[in-house]
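Accompanying notes for the structure given below.
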Amino acid sequence: MDATMADGKVYSKGWHPDEIGWASFDASKVEPWLLTAIKAAAFVEFNAPDYVIYLKRVFKDSGPEMLAAIEEWGREESQHGKTLGRWAEMADPGFKLDEAFARFRKGYRPAHFANPDGVSVRGSRRGEMVARCVVESGTSSYYSALKDATEEPVLKEIAGRIAADEFRHYKLFFETLAKQDEPELPFWKRLLIAAGRITESDDDELSYAYYCAEVPAERQAATPYVRAAYAKAVYNTTLRTYRRPHIRKLTQMVAKAVGVNPQGPLTKLAEALVWRMLKVRAGLSGVPKAAAA
Ligand SMILES: [Fe+2]
Ligand SMILES: [Fe+2]
């Protein structure tokens, strides 16, 4: 299935990194403030195999088709990591994805991946799918924002292709949510799960990824990880990347997964709150005026 982006561009499913126009890479257009964010995103995407194992345990009784869909989803997420890493290695010849990712892995492993009993940490398969929809809403809006924010042509293409994949992932998990032979989750429960997953984005994952992206191995001893500082850096870059329409799309997708009218007043209020929160968390200092508008 193809996904048409807001700019009318169509990106097919099943692309290969070699299809990217790497020869168009323009070092003069690499935005230094984005480089750390790209490396960090590569680490998080590259962590997908752990999540595949976890999700396959949750859906172990759902038939081979679902298990194959999870495998394919994980393959695409890993490919996102590899492709972003390849771009970062071009933009910063001192960066080595494998070495930096190994450091990230050593310092961060999500606790909830340990579910030997096969039960979702969200309490049910429906709950798991609500949480997955929240994540894919975040990634699809993020890569769309990235595509619009960068002037570097190869990164623009990569972000467009990844965003299209992330929209497809959302669709897969949204449809899976509706298909479950479990009782429908009450609204408050969906809301709690979505809010819980959004709050988890505040945990160490992205902050620590930023740290490993920014501080090379030889400087880590002298520059220890300070969570608050790197969390602020994440919010700063996020605010600088996103524009209001990306936040709108993000909140509409989360609203749909929770069962709220994506065009309704509650969703509009959520959009305003998320935008406000992003500005507050970024602390605004050091953020260019144009980005904060
Ligand atoms: Fe991804
Ligand atoms: Fe995804």
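Values quoted throughout were computed directly from the atomic coordinates according to the rules given, and no laboratory measurement underlies them. Everything numeric in this text was worked out from a predicted model, so none of it was measured. Using ideal geometry, Cβ is built from the backbone for each residue, glycine included, and neighbour counts are taken over all protein chains shown.
Taking 7 Å steps out from each Cα toward its Cβ at A27 and K106 produces label points 2.9 nm apart. Computed over the alpha carbons of the chain, Rg followed by Dmax gives 18.6, 55 Å. Taking 20 Å as the limit for the C-alpha separation, the pairs K96/K232; K39/K106; K147/K268 exceed it in the case of K96/K232; K147/K268.
Taking 45 Å as R0, compute the FRET efficiency from the Cβ-Cβ separation of D61 and E19 and round it to 0.05.
On the way: r = 37 Å, r/R0 = 0.81.
Given R0 = 45 Å and the Cβ-Cβ separation, E is 0.80.
Note on the chain: helix-only mean residue ellipticity at 222 nm, from DSSP H runs of 4+ residues weighted -39500 (n - 2.57) and normalised by residue number, equals -22000 deg cm²/dmol.
In the chain, the longest principal axis of the Cα atoms and the axis of helix 64-91 are about 10 degrees apart. What aspartates and glutamates sit close enough to K29 to cross-link, taking a C-alpha to C-alpha distance under 18 Å and skipping anything fewer than 8 places away on the same chain? Of all the aspartates and glutamates, those that pass the test against K29 - Cα under 18 Å, at least 8 places apart if same chain - are E89, D92, D148, E151, E152, E157. Within the stretch 168-233, the percentage of alpha carbon pairs spaced more than 21 angstrom apart rounds to 49%.
About its Cα centre, the dipole of the stretch 110-196 is roughly 220 debye, where the only charges are +1 on Lys and Arg Cβ and -1 on Asp and Glu Cβ.
Simple spin-label estimate for R219 and E99 gives 1.4 nm between the two label positions (7 Å along the Cα-to-Cβ direction from each Cα).
Relative contact order for the stretch 41-139 using alpha-carbon pairs under 8 Å, separation at least 6, rounded to a whole percent?
Details: 75 pairs, mean separation 34.6, N = 99.
For the stretch 41-139, the relative contact order is 35 percent.
Kirkwood radius and radius of gyration were both taken over the C-alpha atoms of the stretch 1-147, and their ratio Rg/Rh is 0.99.
For the pair R281 and D117, the difference between a 0.36 nm per residue extended length and the Cα-Cα distance amounts to 55.3 nm. Computed log10 I(q)/I(0) for the stretch 30-93 at 0.22, 0.25 Å⁻¹: -0.80, -0.93, from the Debye equation with unit scatterers placed on every C-alpha and solvent omitted. What share of Cα pairs, in percent, lie more than 20 angstrom apart in the stretch 89-232? Roughly 62 percent, rounded to a whole number. On the basis of the beta-carbon distance and an R0 of 35 Å, V226 and L191 show a calculated FRET efficiency of 0.60.
Angle, helix 227-241 long axis vs. longest principal axis of the chain, Cα atoms, 0 to 90°, nearest 10? Computed tilt is about 90 degrees.
Given bins 10 angstrom wide, list per bin the percent of all Cα-Cα distances in the stretch 65-134, short to long. For the stretch 65-134, the binned pair fractions read 16, 34, 32, 15, 2 percent.
What angle, in degrees between 0 and 90 and rounded to the nearest 10, separates the Cα long axis of helix 125-149 from the longest principal axis of the Cα atoms of the chain? Between the helix axis and the principal axis of the chain, the angle is about 30 degrees.
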